[in-house]
Amino acid sequence: MPTCFSERFARASAIYGPLVLGADPSGAVLTSWGLGDDVDGLERFVDRVLEVAPGAVGVVKPQSAFYERHGWRGVRALERLVAGARGAGLLVVLDAKRGDVGSTNAAYADAYLGTGAPLESDALTVHPYLGLAAMGDLVERAHAAGSCLFVVTRSSNLEGRALQTAVDASGASVEASLLAEIGRLNTRLAPGALGPVGAVVGPSVQAPLLDLVGAHALYLVPGVGAQGGSPADVARVFAACPERVLVSASRSLLAAGPDPHRLRDAAMALADELRGALGL
């Protein structure tokens with residue numbers, strides 16, 4: 001079986017820290033970089049990310065929507081970014097937030113996970129609200145491929161709180177029940193280790209507390225930088241398991257571009273700040 005994602009991330013984090021570079025070419029970013037909000041500008045953005053990221057961070061996270069909006073040429077650029085980053089030794093978390101049932105999830109697994117997948121990534125974000133049990137094919141493929149699924153559990157946007165804090169039939173909140181289910185699944189798949197199912201947990205909400213240790217999971221942490229979260233917030237929320245967090249920043253880092261030296265310096269500075277805050 002391939003080396004699991006958690007082990008590969010631990011090695012990358014030991015060298016580069018827990019920072020994840022959000023490679024999100026919004027129209028605003030492409031325009032501010034002087035590249036042009038079109039396919040040619042997108043391709044130049046990919047070139048710049050592939051120039052800057054190796055040696056500065058261990059993980060990149062492209063948001064699929066910013067590529068898909070350019071049609072098939074945009075998906076081609078995304079495929080080039082994913083393959084180029086992985087070829088350079090980076091881990092790629094594809095932020096596609098997929099999630100459905102049955103054969104549709106099997107098709108998503110074919111697209112994103114495992115050897116031969118057209119957009120083969122090391123990890124994939126998914127939505128759980130058709131039921132975690134409905135993601136069997138995605139979970140099985142991720143486990144077999146040594147990949148990771150990051151399940152949106154406590155997001156960084158306020159609009160999600162009403163759903164995530166709703167109380168289910170057991171009397172627990174949806175987010176707490178979901179995290180407990182992730183823990184049971186990881187315990188079955190990887191007893192005594194971190195499992196292939198992680199969670200997206202933002203640092204902006206610090207109460208009520210979640211059982212982050214008991215889920216035996218890695219955590220993808222959005223919301224740092226432009227959304228108001230700070231390294232100190234991350235350190236407070238994940239004080240019990242600081243080595244398990246992948247901290248994503250996009251707009252705040254990309255604002256330093258397009259100059260590659262400034263962009264690399266910004267990424268490395270934030271990575272160092274995160275290391276200090278988390279005690280890594």
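Only the coordinates and a few stated rules stand behind these numbers; no lab work does. Treat the numbers as computed from the prediction; the structure is a model and nothing was measured. Virtual Cβ from ideal backbone geometry, glycine too; neighbours counted across all protein chains shown.
Observations, loosely collected:
- Residues that are on the phi > 0 side of the Ramachandran plot and more than 21 Å from the chain's Cα centre (by Cα) within region 177-217 comprise just one, GLY192.
- Exclusive hit being surrounded by fewer than 22 Cβ atoms within 10 Å (Cβ to Cβ) and out of contact with any Lys or Arg (no Cβ under 6 Å at 6 or more places or on another chain), set ALA144, ALA85, ALA123: ALA144
- Summed over region 48-65, the residues that are assigned to a helix (DSSP H, G or I) and out of contact with any helix residue (DSSP H, G or I) (no Cβ under 8 Å at 6 or more places or on another chain) give a count of 1.
- Criterion (within 16 Å of GLN63 (Cα to Cα) and part of a loop (DSSP other than H, G, I, E, B)) met by exactly one of ALA217, ALA256, ALA226, ALA239: ALA226
- Flag: GLU181 does not match the condition of being farther than 27 Å from GLU7 by Cα and part of a helix (DSSP H, G or I).
Residue by residue, here is whether (1) farther than 25 Å from GLY223 by Cα; (2) of a type in the set (A, V, I, L, M, F, W, C) holds:
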site	(1), (2)
LEU35	yes, yes
ASP38	yes, no
LEU42	no, yes
ARG48	no, no
VAL52	no, yes
SER64	no, no
GLY71	yes, no
ARG76	yes, no
LEU81	no, yes
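- One residue from GLY22, GLY27, GLY58 being without any contact (Cβ under 8 Å) to a residue 24 or more places away in the chain and either within 14 Å of the chain's Cα centre (by Cα) or surrounded by fewer than 22 Cβ atoms within 10 Å (Cβ to Cβ) (or both): GLY27
- Residues in region 67-82 that are in contact (Cβ under 8 Å) with a residue 40 or more places away in the chain and crowded, with 23+ Cβ neighbours inside 10 Å: TYR67, LEU78, LEU81.
- Meets criteria (closer than 23 Å to LEU178 by Cβ and crowded, with 21+ Cβ neighbours inside 10 Å) for VAL93: yes
- For region 193-214, residues that are in contact with a Ser or Thr (Cβ under 6 Å, 6 or more places away or on another chain), surrounded by fewer than 24 Cβ atoms within 10 Å (Cβ to Cβ) and either in a strand (DSSP E or B) or of a type in the set (S, T, N, Q) (or both) total 1.
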